[in-house]
Amino acid sequence: KMRNLLEEFNTDHGLRRPTILGIREHVFTGSVSSLASFMSNQETSFVTLGQRVLANPLKVRMHYGHPDVFDRIFHITRGGISKASRVINISEDIYAGFNSTLRQGNVTHHEYIQVGKGRDVGLNQIAVFEGKVSGGNGEQVLSRDVFRLGQLFDFFRMMSFYFTTVGYYFCTMLTVLTVYIFLYGKAYLALSGVGETIEERAKIMKNTALTAALNTQFLYQIGVFTAVPMILGFILEQGFLRYQATGRGFVVRHIKFSENYRLYSRSHFVKGLEVVLLLIVYLAYGYNNGGAVSYILLTVSSWFMALSWLFAPYLFNPSGFEWQKVVEDFRDWTNWLLYRGGIGVKGEESWEAWWDEELAHIRSFGSRVAETILSLRFFIFQYGIVYKLHVQGSDTSLRVYGLSWVVLAVLILLFKVFTFSQKISVNFQLLLRFIQGVSLLLALAGIAVAVALTKLSIPDIFASILAFIPTGWGILSIASAWKPVMKKLGLWKSVRSIARLYDAGMGMIIFIPIAFFSWFPFVSTFQTRLMFNQAFSRGLEISLILAGNNPNTGI
């Protein structure tokens, strides 16, 4: 079949003869787990249906991997195979297709043969790979190759090229931003009372169209259609009712809780908790005519997205719900969280070193200003919620908002009192503990007096927590962006202490459900059967039996 493939160089494929013969890949690691199977099916849909359409009729297929056959003479006489600059050519293989197309080459696709390929089977490796590809697409926007292709293509070929390269990730970014705009819009309608007023007027005027627009319910999401090529490719390759049993097994290691937290904290966990806060605000203060069913239909996709961002890395973690591993993960995470950084300490060893690494990208004045502007959205929660408290009654003046900042300042002061470093105050241990005890008693007495003498209620206390947590995160984000200024003011240690508290809180929110489900042995068994094929699941269970009292042996 190789001879038949090479004969395609002499076959007419349009205006010019082929310079790159594209070949399909076969991902053979799909039998390891359900996650690897999904990625394998998605990859298969791209290397079969996707690349066929890209080659003909769209004529925008480039070079995406190792199987393709190159016309060596054509390429080495026109600038080389590919490009390998350290920064801009992250996805170096696609630049071979750019070079070939710009120099009047022709990229085709054939399926005489297929080349086997192993893909990553763990969620972390898949996420890092997807991050590399998306980062490579971001760098392609800055390259002169894409600029020249955009200028030289006709309109339809240019649009096809756009969506099959950088456009896909740009549209994904717009989709996520749309979710944020939708939820912040709903939160504004709920906190300001505008939503309730509009719906009441629409009911009086019998304007059903406006009511339907405000209570849009989603049974099917547009994002579901992104899986259609994978489903069609699966049916086309293996048949509609055909089932292929899997028998291979690979050892997939357990990822520690702290490692997952470091990898996904700022990219997924923070944003997932922000979405959860928005959904809780809309649940607590939104006006919904249809009741609980309407709220569920309106927000189920957002809840699913937020919970996926928070718990997917642990749901697809091998032996993630095994009690002994959960205990060891918690011990490892607390050691990492409390270990102080220093010179030569890596982010894998200390929270302080990791936090400094996470802030390393904020260097220029423009990046600090941008981070400050983006962090202002967290102050919306406090501004809206304080006017919904029972204690303020019908008062809508700015005095209420100002008093809320006074309360927040008192809370920060109490936090500093209780977290004051005892190493500095060795000679004042008794005085320090006396001050901490008096502060605790005064705080409890103040809350009790406020509940007894004013309209402050228990729900108001929880609402205040809901308001102050985003505000504190906004202050923390702005202070972290202006790190040099905070150091000059002598406030950097306080900022770092508050940041550690927030990370500890976020970690506990994620860890508690994992620990709860780990109490039930059948959850771990169900997860193993769900993730892996039958052979691997049986081997894992046997290894646990042989390990005796230490289920971590040999895994």
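The values are calculated or read from the model by the stated rules, or taken from the named source; none is laboratory data. In this text the structure is predicted, and so the values were computed from the model without any measurement. Cβ sites come from the backbone with ideal geometry, for glycine too, and all protein chains shown count toward neighbours. In case anyone asks, the SASA skips ligands and DNA or RNA and just uses the protein heavy atoms, side chains included. Shrake-Rupley method; radii C 1.70, N 1.55, O 1.52, S 1.80 Å.
Table for the structure above
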read-out: Residue satisfying condition, being open to solvent by less than 30 Å² (accessible area, probe 1.4 Å), within 22 Å of residue 280 (Cβ to Cβ) and either among the basic types (Lys, Arg) or modelled with pLDDT under 95 (or both), within set 551, 470; value: 470
read-out: Index of the failed condition, residue 115 passing every other in (1) open to solvent by 40 Å² or more (accessible area, probe 1.4 Å); (2) closer than 20 Å to residue 15 by Cα; (3) touching a Pro at 6+ places or on another chain (Cβ under 6 Å); (4) of a type outside the set (Ser, Thr, Tyr); value: (2)
read-out: Unmet requirement for residue 178, which otherwise passes all of (1) in contact (Cβ under 8 Å) with a residue 12 or more places away in the chain; (2) loosely packed, with under 13 Cβ neighbours inside 10 Å; value: (1)
read-out: Failed condition for residue 361, given (1) part of a helix (DSSP H, G or I); (2) modelled with pLDDT under 90; (3) not β-branched (Val, Ile, Thr); value: (1)
read-out: Close pairs (6 angstrom Cβ cut-off, 6 or more residues apart or separate chains): closer than 15 Å to residue 355 by Cα in segment 477-494, open to solvent by less than 40 Å² (accessible area, probe 1.4 Å) and not in a helix (DSSP H, G or I) anywhere; value: 480/359; 481/362
read-out: Check on residue 40, touching a residue at least 24 places away in the same chain (Cβ under 8 Å), closer than 30 Å to residue 319 by Cβ and touching a helix residue (DSSP H, G or I) at 6+ places or on another chain (Cβ under 9 Å); value: no
read-out: Odd one out for residue 542 among (1) open to solvent by 30 Å² or more (accessible area, probe 1.4 Å); (2) farther than 26 Å from residue 187 by Cβ; (3) at pLDDT 90 or above; value: (3)
read-out: Lone unmet requirement of (1) open to solvent by 20 Å² or more (accessible area, probe 1.4 Å); (2) of a type in the set (Ser, Thr, Tyr); (3) under 27 Å from residue 2 (Cβ atoms) for residue 134; value: (3)
read-out: Matching residues, segment 117-142, being closer than 23 Å to residue 95 by Cβ, in a helix (DSSP H, G or I) and of a type in the set (A, V, I, L, M, F, W, C); value: 128, 129, 133
read-out: Positions within segment 427-446 being surrounded by fewer than 13 Cβ atoms within 10 Å (Cβ to Cβ) and modelled with pLDDT under 80, in sequence order; value: 427, 429, 430, 431, 433, 434
read-out: Close pairs from segment 301-325: first touching a residue at least 24 places away in the same chain (Cβ under 8 Å) and over 14 Å from residue 518 (Cα atoms), partner open to solvent by less than 40 Å² (accessible area, probe 1.4 Å) and part of a loop (DSSP other than H, G, I, E, B), Cβ under 7 Å, at least 6 apart; value: none
read-out: Some residue of segment 11-24 being without any contact (Cβ under 8 Å) to a residue 60 or more places away in the chain and not in a strand (DSSP E or B); value: yes
read-out: The lone exception for residue 246 - which of (1) modelled with pLDDT under 75; (2) under 30 Å from residue 512 (Cβ atoms); (3) among the hydroxyl-bearing types (Ser, Thr, Tyr) it fails; value: (2)
read-out: Residue match in segment 269-281 (condition: modelled with pLDDT of 75 or more, more than 15 Å from the chain's Cα centre (by Cα) and open to solvent by 20 Å² or more (accessible area, probe 1.4 Å)); value: yes
read-out: Single residue of segment 45-86 satisfying the filter (touching an Asp or Glu at 6+ places or on another chain (Cβ under 7 Å) and open to solvent by 30 Å² or more (accessible area, probe 1.4 Å)) that is nearest to residue 111 (Cα to Cα); value: 64
read-out: Residue satisfying condition, being under 30 Å from the mean Cα position of the chain (by Cα) and open to solvent by 50 Å² or more (accessible area, probe 1.4 Å), within set 363, 399; value: 363
read-out: Failed item, numbered, when residue 344 is tested on (1) exposed (fewer than 15 other Cβ atoms within 10 Å of the Cβ); (2) part of a helix (DSSP H, G or I); (3) of a type in the set (Gly, Ala, Ser); value: (2)
read-out: Residue in segment 142-152 that is touching a Lys or Arg at 6+ places or on another chain (Cβ under 9 Å), of a type in the set (Asp, Glu) and modelled with pLDDT of 80 or more present; value: yes
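Yes/no per residue for (1) modelled with pLDDT of 80 or more; (2) closer than 30 Å to residue 382 by Cα:
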position	(1), (2)
163	yes, no
167	yes, no
175	yes, yes
184	yes, yes
193	yes, yes
209	no, no
212	no, yes
217	no, yes
